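The values are calculated or read from the model by the stated rules, or taken from the named source; none is laboratory data. If you're wondering where the values come from, they're calculated on a predicted model, not measured in any experiment. No Cβ is skipped: glycine too gets one built from the backbone with ideal geometry, and neighbour counts run over all protein chains shown. We work out accessible area using only protein heavy atoms, side chains counted, and drop any ligands, DNA or RNA first. Shrake-Rupley method; radii C 1.70, N 1.55, O 1.52, S 1.80 Å.
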Amino acid sequence: NLLHPDFARNLPLFVPVASVASVVRRLPAQAQLAALKRRATNGSTEDRLFYGVALQRLGRQLSAQRVFAEAARRDPTNPEARVAAAVGLFDKARPVTAFSRLGPLSRAFPRAGTVRFHLGLLLVWSGQLKEARRQLELVARVEPDSRLVGTARQYLEQLRAAGK
């Protein structure tokens, strides 16, 4: 944060479209992490993404990066897995690495709100607010039924409230 004051604090987290299973959410924190890890080992792409997000929340960015990369490798046609892998690469010293992976996904998955949402999120983080607003507004147009529409609107409202 000190080395990159023009960026938002900390690092952006991947936001999955689905929610973690309630059976996992009800567990205590340590048990949740163990359950997510167990489910990610033999589970679905979604399970790997949930585990990756948990690792991000714990500040274990490199571990999350590996989990996201594995999800994308195992399921290359899944836009969420590919987006998570790109978001996991975000580094304030080298943001181009994440953007160079995420940008082309808007052509590969033109109807996936997750691509537009996360592109907007990374743009917010890097201070490119005009383009961030445009991408966040596109979420509702490309995938109106996505859970990410509400989250995108929250970011847009926060930008408006901050006068940005």
Task: Protection-proxy order for peptides 134-144, 83-93, each taking the mean of Cβ atoms within 10 Å per residue, highest first - done: 83-93, 134-144
TODO: On a C-alpha basis, how far is the centre of region 41-78 from the centre of region 109-154 in Å? Whole number, if you could?
DONE: 21
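With a 1.4 Å probe and all protein chains left in place, how much of the accessible area of region 80-164 comes from carbon and sulfur atoms, in whole percent?
On the way: 2030 of 4110 Å².
Carbon and sulfur together cover 49 percent of it.
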Open item on the list: Output wanted: per-residue J couplings in Hz (rounded whole) for region 92-106, from phi through Karplus 6.51 cos²θ - 1.76 cosθ + 1.60, θ = phi - 60°, x for Gly and Pro.
Closed with: 4, 6, 9, x, 4, 4, 5, 5, 5, 8, 7, x, x, 5, 5
Open item on the list: I want to verify the translational diffusion coefficient of region 66-105 in µm²/s; compute it with Stokes-Einstein, Rh as the Kirkwood radius over Cα pairs, at 37 °C and 0.692 mPa s.
Closed with: 332
TODO: Taking every pair of alpha-carbon atoms in region 24-113, give the share separated by more than 24 Å as a whole percent.
DONE: 21
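Heavy-atom accessible area per residue, the chain, 1.4 Å probe: how many Å²? Display every interim value, and only then the final one.
Details: 9010 Å² over 164 residues.
For the chain, the solvent-accessible area averages 55 Å² per residue.
For the chain, what is the mean residue ellipticity at 222 nm derived from helices alone (per DSSP H run of n ≥ 4: -39500 (n - 2.57); sum divided by total residues; nearest 500 deg cm²/dmol)?
Details: 10 runs with 108 residues, N = 164.
Counting only the DSSP helices, I get -20000 deg cm²/dmol.
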Task: Debye intensity ratio I(q)/I(0), log10, region 68-164, q values 0.10, 0.13, 0.17, 0.24 Å⁻¹ (C-alpha model) - done: -0.24, -0.41, -0.70, -1.26
Task: Amide N of region 117-143 lying under 19 Å from the label point, which is placed 7 angstrom from the Cα of A162 along Cα→Cβ - done: 117-139
Task: Cα pair distances exceeding 15 angstrom across region 1-77, given as percent - done: 57
Open item on the list: Need the list of lysines near K130 for cross-linking: C-alpha distance under 21 angstrom, and skip anything on the same chain fewer than eight residues off.
Closed with: K92, K164
Open item on the list: Just to be sure I understand the curve: with the Debye formula and one point per C-alpha of the chain, what is log10 I(q)/I(0) at q = 0.09, 0.10, 0.17, 0.19 Å⁻¹?
Closed with: -0.29, -0.35, -1.03, -1.25
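How large is Rg over Rh for region 78-124, taking Rg from the Cα atoms and Rh as the Kirkwood inverse mean of 1/r across Cα pairs?
My calculation puts Rg/Rh at 0.93.
Explain nothing, just the number: relative contact order of region 20-164, from Cα pairs under 8 Å at least 6 residues apart, as a whole percent. Display every interim value, and only then the final one.
Details: 168 pairs, mean separation 17.8, N = 145.
Worked out over region 20-164, it gives 12 percent.
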